[in-house]
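Q: Just dropping this structure here.
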Amino acid sequence: MNRGLLLLNVVLLVLVGMLFYLHFSSGKKETPKAAVSTDAAPAAKEFRIAYFEMDSLEASFSMVKDVKGELARKEEAINTELARLEKTYRDKAAQYQGQAATMSQVQSEMATRDMMQMQQNMQNRKAALDQEYQDFYMRKMRDVKTRIEDYLKTYNNNKNYSYIFAYEPGLFYFRDTAYNITDDVVRGLNAGYSKK
């Protein structure tokens, strides 16, 4: 939520800056003819913005599909391991409960300690697996983001856009579809990804 608000504020700030620039640069200023140098004045660069739809890119970009598959397999492996640990814990608890009537006080205390140790080990392993999954997820998302950024830099070499935004529903309230480059971006990303 905070990230969305921050991004919205940045976009609004950029738009306000554009309005100020357009307002104050549109008035014709009369300058003395001797002060104007035709060869030293840099050409004004056209301000252009484009966008691509992030949900369409996520649905169509092969790398995102592959990453989602990898994440699903990783999550399934983690769940399988946790289920195995939990089954071992339950089996051990059932075994101790079956022996409870014949256990001495010392054996009962040892069984309780053993169960507590197993439970602690299970919690530690779950925390380690969760952290491993989060690291894996962040690394994969960073790879996707880097791939998109690298492609957009190449794509923009001859398009000369000042900004290329990723449109996400709820963040922008209006967009002109004339500036939608989603198809170009998906096509280019998939072409580059299939080569690798």
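The values are calculated or read from the model by the stated rules, or taken from the named source; none is laboratory data. Keep in mind that this is a model prediction, so the values were computed, not measured. Neighbour counts run over all protein chains shown; Cβ positions are idealised from the backbone, glycine included. Heads up: the accessible areas ignore ligands, DNA and RNA and are worked out on the full protein's heavy atoms, side chains in. Shrake-Rupley method; radii C 1.70, N 1.55, O 1.52, S 1.80 Å.
Q: List the pair-distance distribution P(r) of the range 78-196, using every Cα-Cα distance, as the percent of pairs falling in each 10 Å bin from 0 up to the bin containing the longest distance, rounded to whole percents.
A: Answer for the range 78-196: a P(r) of 10, 23, 17, 13, 12, 11, 9, 3, 0 percent.
Q: Continuing with this model, one more query. How large, in percent, is the carbon and sulfur part of the accessible surface of the range 131-196 at a probe radius of 1.4 Å?
A: Carbon and sulfur atoms account for 49 percent of the accessible area of the range 131-196.
Q: Also: Positive end of the dipole of the range 71-196, charges at C-beta (+1 Lys, Arg; -1 Asp, Glu), about the Cα centre: which of V144, L71, L171 has its Cα farthest in that direction?
A: Working it through, the farthest residue towards the positive pole turns out to be V144.
Q: Now for a separate question. Compute the distance from the alpha-carbon center of the range 159-173 to that of the range 113-134, in whole Å.
A: Measuring centre to centre over Cα atoms gives 43 Å.
Q: On to the next question. So for the pair S194, R73, with labels modelled 7 Å out along Cα→Cβ, what separation do we get in nm?
A: Each label point is offset 7 Å from its Cα along the Cβ direction, giving 2.2 nm.
Q: Another one. How big is the equivalent ellipsoid of the range 75-144 along its three axes, where each semi-axis is √(5λ) from the Cα gyration tensor, reported in whole Å from largest to smallest?
A: Output for the range 75-144: semi-axes of 37, 12, 4 Å.
Q: Please work out how much length the chain gains when fully extended from M110 to L171, using 0.36 nm per residue of separation minus the C-alpha to C-alpha distance, in nm with one decimal.
A: 16.2 nm
Q: I would also like to ask the following. What distance in nm separates the simple spin-label points at A83 and K145, each placed 7 Å from Cα in the Cβ direction?
A: 3.3 nm
Q: As a quick test, which of the pairs K140/K195; K74/K145; K68/K195; K145/K195; K74/K153 have an alpha carbon distance above 28 angstrom in this structure?
A: K74/K153
Q: Stretch Q99-K126 to full length: gain in nm at 0.36 nm per residue minus the Cα-Cα span?
A: Result: 6.9 nm gained on full extension.
Q: In debye, nearest 20, what is the charge dipole magnitude of the range 112-196 about its Cα centre with +1 on Lys and Arg Cβ and -1 on Asp and Glu Cβ, if you could check?
A: 240 debye
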